[in-house]
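Below is one structure; the comments refer to it alone.
What follows is calculated from the coordinates using simple rules that are stated; it is not laboratory data. For clarity, every value in this text was computed on a predicted model and none was experimentally measured. Please note: Cβ atoms are built from the backbone with ideal geometry, for glycine as well, and neighbour counts cover all protein chains shown.
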Amino acid sequence: MINIYSVSVLILAYLFGSIPTAVWIGQAFFNIDVREYGSGNAGATNTFRVLGKKAGIPVMLLDILKGWTATNLAYMIGISTTGPYGSISFTNFQLALGIAAVMGHLFPVFAGFRGGKGIATLFGMILAINLPSALLCVSVFIVVLLITRYVSLGSIMAGFTYPIGVTFIFPTYIKSVIIYGMCMCVLILVTHQKNIERLIRGKESRVNFFKKKQL
């Protein structure tokens, strides 16, 4: 049931998502606003592209933590998980909190509403909701990244793995989780449109695991 307390927690989840880790780390340690370079997005993919792995890895991990923490705020409101519909209500509220965090990442109030694409935050969200499927997604991401060195392609493939995981490999009886997974694929296609165009043209930047990024 929606009340002032649950709305407050949703706002808090949005604020967690709004923490612009890519912007703050870039400015604090490299004197660079990553939104002024590369794709112009304040996310892990563009941070890898612009500043390299020394900045990209911390940004990615912190963005994952944002999604995981925001989703687990559901434990603060005391929704009962007993009874035939208790776990469903709890998971649905987790989904709402995770979506709020992703919206915060896309449109961060702390960074002029210019954010990233939300993949790492999405991963943190599914990590809190369905751990086996989340681990499957990260495995796909790592394999694709190591083979192609495209962070964007790894993110896209990992995102499309999630609905397959929750539907067929680690099936869940909560339909909203499956529907969310399908909607997540649409979001990935929308937010990665330019990346997909560059991949098709062969102009997408690759991650260099060994050389220091030069600006």
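For this structure, a couple of remarks:
- Extension reserve of the ALA28-ARG201 stretch, reckoned as 0.36 nm per residue once the Cα distance is removed: 58.9 nm
- Each residue of the stretch 195-203 is assigned a 3J(HN,Hα), and the resulting list reads 5, 5, 5, 5, 5, 5, 7, x, 10 Hz, derived from the Karplus form 6.51 cos²θ - 1.76 cosθ + 1.60 (θ = phi - 60°), x at Gly and Pro.
- With a simple spin-label model that places each label point 7 Å from the Cα along the Cα-to-Cβ direction, the separation between VAL186 and LEU146 comes to 3.5 nm.
- Debye-sum result for the stretch 72-199 in log10 I(q)/I(0), which assumes one identical scatterer on each alpha carbon, at q = 0.10, 0.11, 0.14, 0.20 Å⁻¹: -0.33, -0.40, -0.64, -1.18
- Candidates ILE188, ILE57, ILE147: whichever shows maximal mean-square fluctuation once the chain is modelled as a Gaussian network with Cα springs under 10 Å: ILE147
- Among GLY112, GLY67, GLY26, the largest mean-square fluctuation in a Gaussian network model of the chain, built with springs joining Cα atoms closer than 10 Å, belongs to GLY112.
- As a rough guide to protection, the peptides 189-201, 149-161 ranked by mean Cβ packing within 10 Å, highest first, stand as 149-161, 189-201.
- The calculated 222 nm mean residue ellipticity attributable to helices in the chain amounts to -21500 deg cm²/dmol, summing -39500 (n - 2.57) over DSSP H runs of n ≥ 4 and dividing by all residues.
- Contact order relative to length of the chain, as percent, for alpha carbon pairs under 8 angstrom and 6 or more apart: 22
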